[in-house]
Structures are given as structure tokens and as C-alpha cells.
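Engineer: Below is a structure I'd like to ask you about.
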Amino acid sequence: MPNPKRRHSKQRTSTRRAHDALKSRSLSECPNCHERKLPHRACPKCGYYKGREVLEVKEAG
Amino acid sequence: MRHKVAGWKLGRTTSHRRSLLRNMATSLILEERIETTVPKAKALRPQVEKMITLGKKGDLSARRQAAAYLMTREAVNKLFDTIGPRFGDREGGFLRIVRVGWQKGDGAEKAFIELLGSEKLQEEKRQKRAETRAKRTAEAKKAMEEAEAQAAPGEPAEDSEKKE
């Protein structure tokens, strides 16, 4: 059976993982409440989408 | 290459999927807006678009085809009497899908799918829901007050029994 010939260094591991970083999600601004929201989705804060499309948003308290 | 993978299977057998879509199409035609997951909404869209096209045709043959798919007679009647004429000047694109957040439990993305031009109806429905909610809250409050009122005179009676 094939086996590793040499020790796998920490550098080799971290070098391989150099490209594995996660990217942050790009957010857009809600034109109604100016909260940051995910694009192409109704705003979870104010329930607006494209000027209308109100969902029922529960008021805090 | 994503060749030959058109459409949605939704993890169901053919008959299960057909039932699901027929059911949702019927509900959507009756309620004008339904909330579901994004893949289901996307799978539902072409089905309902085809139904509305039948509704616009309006002849007996079209009516029979729609009746063969939709679950209830009311849905067929509504499709031909109100929805068909409503979209008379529109060639497709009768529906709108809006993503609205995530489902608790499995994290599936939710969306609502609605007929265009149903905004006023949705507004009325929301009003009605708000009224029902207010009524229910008032009733619950009243019931609680009554329970408290009953409990208050009850307590001294218990005390006197203990003393005896």
C-alpha cells in the first residue's frame, strides 16, 4: 500500500488552505427603512420589497 | 454541464408531486397568494401560468382541461369568470414570487407566490386578520379578568372553610 514518505508540515497545510477563506455576503440597502438587507428579498425589518409587498412584521414588545 | 436536468422533482414520486402541484395551484387560484418554499413556488409557476392561459381561452374545451387539473369546481369557475378576463391584455408573467426569509427547523428559503393585481385583496385580507387578532386579544383579556374576578371572592370563602 502507498504510504506518505515525508512528514506533512504545518506550512504545507496552511498554504493549501490559503484559498479556503469564506466571503462575506453582499448586502444591499433597503430603500424604505435604510436597513442593510439581502438583495432580491423582502426586507425582514420593514417588510417592504419594490416599494410595496408588505409582509406582516411583528412589532417588538 | 447541467444538461437534461430541467424542472423540479421536489424529492417526491411522480404522483405525489402531481398531487402537490395540483393542490397548490388550486389554493393559489382561490387565495391569490400562498406562502411556500422557493423551489415549490418555482415549480408551481408554470402550472398556474398554463391554467390562466386556459382561463383566457374560455371555451368549453379549455374549461374541461382546467377542470381535469384543478381540484375544485370553485377554482375552475373563478379561473374562467374573474382571473381569465383580468389578464386579458397580458401574455404570460401572471405571477410574482418574492423571497421572504427562512423556515425554522430546516432553514429552507420561503417565498410567497401571488397573482399580479391581487394587491388590494391581500390588503383586505391583512385588515381582516388584524381585526380577528384584535378581537381574540380582547376576548382573552376579558376571560382573564373574569377569571380573576371569580378567584378574588373565592379566596375568602376558602379561608373561612379552613377556619371552621
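The values are calculated or read from the model by the stated rules, or taken from the named source; none is laboratory data. Fair warning: this is a prediction, and the values are worked out from it, not measured in the lab. Cβ coordinates were reconstructed from backbone atoms using ideal geometry, including for glycine residues, and neighbour counts include every protein chain displayed. Side chains included, ligands, DNA and RNA excluded: accessible areas come from the protein's heavy atoms. Shrake-Rupley method; radii C 1.70, N 1.55, O 1.52, S 1.80 Å.
Engineer: Right, B:Leu95: closer than 14 Å to A:Glu53 by Cβ, under 20 Å from the mean Cα position of the chain (by Cα), modelled with pLDDT of 90 or more and surrounded by fewer than 17 Cβ atoms within 10 Å (Cβ to Cβ) or not?
Structural biologist: Working: closer than 14 Å to A:Glu53 by Cβ: yes; under 20 Å from the mean Cα position of the chain (by Cα): yes; modelled with pLDDT of 90 or more: yes; surrounded by fewer than 17 Cβ atoms within 10 Å (Cβ to Cβ): no.
In short, no.
Engineer: Of all residues in the range B:8-35, which are without any contact (Cβ under 8 Å) to a residue 40 or more places away in the chain, assigned to a loop (DSSP other than H, G, I, E, B) and either touching a Pro at 6+ places or on another chain (Cβ under 9 Å) or surrounded by 11 or more Cβ atoms within 10 Å (Cβ to Cβ) (or both)? Don't jump to the end; show me each part of the working.
Structural biologist: Residues of the range B:8-35 that are without any contact (Cβ under 8 Å) to a residue 40 or more places away in the chain, as a first pass: B:8-21, B:24, B:27, B:31.
Adding the requirement that they be assigned to a loop (DSSP other than H, G, I, E, B) leaves B:8-13.
Answer for the range B:8-35, where residues must be without any contact (Cβ under 8 Å) to a residue 40 or more places away in the chain, assigned to a loop (DSSP other than H, G, I, E, B) and either touching a Pro at 6+ places or on another chain (Cβ under 9 Å) or surrounded by 11 or more Cβ atoms within 10 Å (Cβ to Cβ) (or both): B:Trp8, B:Lys9, B:Leu10, B:Arg12.
Table: residues versus (1) in contact with a strand residue (DSSP E or B) (Cβ under 8 Å, 6 or more places away or on another chain); (2) within 11 Å of chain A (Cβ to nearest Cβ); (3) assigned to a helix (DSSP H, G or I).
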| site | (1), (2), (3) |
| --- | --- |
| B:Gly92 | no, no, no |
| B:Arg99 | yes, yes, no |
| B:Asp106 | no, no, no |
| B:Lys110 | yes, yes, no |
| B:Arg126 | no, yes, yes |
| B:Ala130 | no, yes, yes |
| B:Ala143 | no, no, yes |
| B:Gln150 | no, no, yes |
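Engineer: Let me ask something additional. Here is a list: A:Lys5, A:Lys45, A:Lys23. Which entry is within 13 Å of chain B (Cβ to nearest Cβ), open to solvent by 80 Å² or more (accessible area, probe 1.4 Å), among the basic types (Lys, Arg) and in a loop (DSSP other than H, G, I, E, B)? Give the steps one after another, and end with the answer.
Structural biologist: Working: A:Lys5 fails: within 13 Å of chain B (Cβ to nearest Cβ); A:Lys23 fails: within 13 Å of chain B (Cβ to nearest Cβ).
Just one listed residue meets the conditions, A:Lys45.
Engineer: From B:Gly88, B:Gly84, which residue is outside any strand (DSSP E or B), at pLDDT below 95, open to solvent by less than 40 Å² (accessible area, probe 1.4 Å) and more than 14 Å from chain A (Cβ to nearest Cβ)? If you could, list the steps in order and put the result at the bottom.
Structural biologist: Working: B:Gly88 fails: open to solvent by less than 40 Å² (accessible area, probe 1.4 Å).
It is B:Gly84.
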